[in-house]
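Comments concern the structure below.
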Amino acid sequence: MRELVLMCPEAEAEMLSDQLLEAGVLAVSVEDADSDTQNESPLYGEPGLEPEVQAWRNNRVVALLPDGLDPSQVLEQAVAHTGRQLSADDWLLREVPDEDWVRLTQSQFGPIQVGERIWIIPSWHAGDPELPQADQPENGVVRIELDPGLAFGTGSHPTTHLCLEWLAQCLPEHATVLDYGCGSGILAIAAAMLGASRVDAVDIDEQAVEATRDNALNNHVRIHACLPDDFGPGQYQVVVANILSNPLKMLAPMLANRVVPGGSLVLSGVLERQAEEVAAAYEPWLKMEVWQARDGWVCLHGQRRAD
């Protein structure tokens, strides 16, 4: 595989990244071209918020090219909206090892303890003898062995922690559970290991569905994972969705109606400043309130009114 590296000023970095993705590259990253020099400058933002400055003064925009994509065509399309001509010093093409970059990135994650009971253990750490073992149920620990595959969800994000802690503390015994937007299946697997009687998991990404199925199998729990088109009718005592605020607002009628009267809806992926507007979207069905907040994110919980 090859990488296309373009040099650009701050004002062009975001537009150039968007145009590269439109041109068909696999991934784009923006780096400080002055890193490791006296001109290096950090970017700061409030917890959970994007920094006001979206790029550095001088940037390297690095695009991963799929096999068969013409770099000259990508360059032409990418700079068409910038209004400038590229010189030979503005870009370069370099070979990179043919590796699975998603898995390479994920391999940097280590075991994570969530609350008092839950451990998320990446598959590459499964044999570590210092970690709680799966064959010791008397210690009360829920050990989730995880291989995110190509799906989102290593268990490191505060929103995942919040949902896991709600499940560990509040999940009713033998509850039926829906995990909507399951990613790698962390929440669905945790629910099953915490005693849920039935767990369904849904995601719009086929790779996420496959990752959830594989992870459920590896953790010896039974989960029905599928795409939305294959998701049948039914209601649940607990519905959990860790997505983002805009999709959560659009999905409000569907998610709320998936909760049985008296059942619980648990939402995360919501910034503290977005909590009121997300709660308002669910007001016709449930009164959503902040259960816990962490690092600028919140977990909302509500109980559906009895019919």
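Among the candidates E22, E52, E31, the residue that is surrounded by fewer than 16 Cβ atoms within 10 Å (Cβ to Cβ), within 27 Å of the chain's Cα centre (by Cα) and modelled with pLDDT under 70 is uniquely E52.
Against the condition without any contact (Cβ under 8 Å) to a residue 24 or more places away in the chain and in contact with a Lys or Arg (Cβ under 9 Å, 6 or more places away or on another chain), how does A279 come out, does it pass?
yes
Just so you know, in segment 172-203 the residues that are without any contact (Cβ under 8 Å) to a residue 40 or more places away in the chain and under 20 Å from H157 (Cα atoms) include one that is surrounded by the fewest Cβ atoms within 10 Å (Cβ to Cβ), and it is V202.
Once segment 236-262 is narrowed to residues that are in a loop (DSSP other than H, G, I, E, B) and modelled with pLDDT of 95 or more, the residue that is surrounded by the fewest Cβ atoms within 10 Å (Cβ to Cβ) is L251. When restricted to residues that are modelled with pLDDT of 90 or more and in a loop (DSSP other than H, G, I, E, B), segment 196-217 contains 4.
Looking at segment 218-235, is at least one residue part of a helix (DSSP H, G or I), crowded, with 16+ Cβ neighbours inside 10 Å and touching a Gly at 6+ places or on another chain (Cβ under 9 Å)? The answer is no, given that none of the residues of segment 218-235 is part of a helix (DSSP H, G or I), crowded, with 16+ Cβ neighbours inside 10 Å and touching a Gly at 6+ places or on another chain (Cβ under 9 Å). L271 passes every criterion in (1) touching a Lys or Arg at 6+ places or on another chain (Cβ under 9 Å); (2) under 16 Å from P158 (Cα atoms) apart from (1).
Per this entry, V74 is not counted among residues that are assigned to a strand (DSSP E or B) and either modelled with pLDDT of 85 or more or more than 30 Å from Q207 (Cβ to Cβ) (or both).
Restricting attention to segment 80-94, the residues being surrounded by fewer than 12 Cβ atoms within 10 Å (Cβ to Cβ) and at pLDDT below 85 number 7.
Each row is one residue, and each column tells you yes or no for (1) among the aromatic types (F, W, Y); (2) modelled with pLDDT under 95; (3) more than 16 Å from the chain's Cα centre (by Cα).
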| site | (1), (2), (3) |
| --- | --- |
| P132 | no, yes, yes |
| P137 | no, yes, yes |
| L146 | no, yes, no |
| A151 | no, yes, no |
| W166 | yes, no, yes |
| E173 | no, yes, yes |
| Y180 | yes, no, no |
| A188 | no, no, no |
| A192 | no, no, yes |
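For segment 67-79, filtering for residues that are within 32 Å of the chain's Cα centre (by Cα) and surrounded by fewer than 11 Cβ atoms within 10 Å (Cβ to Cβ) leaves 2.
The rows are residues; the columns are (1) free of Cβ contacts under 8 Å to residues at least 40 places away in the same chain; (2) more than 21 Å from the chain's Cα centre (by Cα); (3) closer than 22 Å to A168 by Cβ.
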site: E206; (1), (2), (3): yes, no, no
site: D214; (1), (2), (3): no, no, no
site: P233; (1), (2), (3): yes, yes, no
site: S245; (1), (2), (3): yes, no, no
site: M250; (1), (2), (3): yes, no, no
site: V259; (1), (2), (3): no, yes, yes
site: S264; (1), (2), (3): no, yes, yes
site: M288; (1), (2), (3): yes, yes, yes
site: G302; (1), (2), (3): yes, yes, yes
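The values are calculated or read from the model by the stated rules, or taken from the named source; none is laboratory data. Predicted, not measured: the structure shown is a model, and the values here were computed from it. Reconstructed Cβ throughout: ideal geometry from the backbone, glycine too, with neighbour counts over all protein chains shown.
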